[in-house]
Structure formats: C-alpha cells, structure tokens
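Report on the structure given below.
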Amino acid sequence: MLFGRRIGMEVVAATMDQSRHKATRPTTHPSSPAHHPKHETAKIRNPAELQLNEPETTVLQLVGVSPTSIDAIIIGSGMLPHQVLATIGILEMKRLIRRGEANTVARM
C-alpha cells in the first residue's frame with residue numbers, strides 16, 4: 001500500500017508542477033466573435049458570408065468593391081493558383097463576387 005500511495009503522490013505532485021507552468025490563455029467562448037479571426041477585421045456585407053469556410057473567407061477578404069486582380073489575390077492569400085480559382089468559382093456561385101474584365105473580380 002505504501003508503494004501505491006507513493007506513486008499516487010508522485011502523480012499528484014507532477015500534475016501540480018505542470019499546472020503551475022501552464023501559460024494562461026484568454027478565455028473566449030468558441031461561438032463568440034472574438035474567437036473567430038474572420039470576424040475581427042472583416043465587415044459582413046451578406047449573411048451568406050457567415051457560412052464560408054477558411055479559404056473562401058481568405059479570398060473574399062482580398063477582393064475589393066473595385067476590380068481586384070486575381071494575381072494579387074493569389075499572392076495575397078498564399079494559396080495555390082488552382083485553389084484560388086476554384087474558390088473564386090464557389091464565391092461566384094454564392095453571388096458574393098463577380099468576374100470583371102481582364103482577369104479581375106469584385107464584390108457584389
């Protein structure tokens with residue numbers, strides 16, 4: 001029994017040591033706007049924007065009201081060209097952006 005208690009005390013002591021060294025994080029509820037990075041800087045213009053995944057949000061944030069070059073979106077997003085083009089197609093189907101002239105897109 002002494003052996004069992006000793007192991008138990010070591011586990012408790014190790015747990016206490018680990019809890020002292022943990023960094024404190026700000027507590028935010030997972031559904032709060034502060035928890036989601038897209039809600040920190042993005043202005044929601046259409047309720048459909050709340051349903052977007054991360055790549056869609058990234059691309060949409062780089063598209064302005066005035067025509068934006070697709071090349072600039074590829075560079076700014078850090079995504080591969082085929083991923084950006086596919087995401088632009090999805091955003092067009094959701095009627096959040098429209099294609100312009102000379103390889104550009106703009107928000108609707």
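All of the numbers you see were taken from the coordinates with simple rules; none came from a lab. The structure presented is a predicted model; accordingly, all values stated were derived computationally and were not measured. Please note: Cβ atoms are built from the backbone with ideal geometry, for glycine as well, and neighbour counts cover all protein chains shown.
Between amide H atoms placed 1.01 Å from N, distances below 5 Å from M108 occur with I97, R98, all of them 5 or more places distant or on a separate chain.
Note down the net charge around R98, summing +1 for each Lys or Arg and -1 for each Asp or Glu among other residues with Cβ under 14 Å from its Cβ. It works out to a net charge of +3. Taking label positions 7 Å along the Cα-Cβ direction at both A102 and D71, the computed distance is 1.1 nm, reported to one decimal. In sequence order, segment 72-84 has phi-based couplings of 5, 5, 4, 5, x, 7, x, 8, 6, x, 5, 5, 5 Hz under the Karplus curve 6.51 cos²θ - 1.76 cosθ + 1.60, θ = phi - 60°, and Gly or Pro positions carry x. Set the Cα radius of gyration of segment 42-108 against 2.2 N^0.38 Å, with N its number of residues, and you get 0.97.
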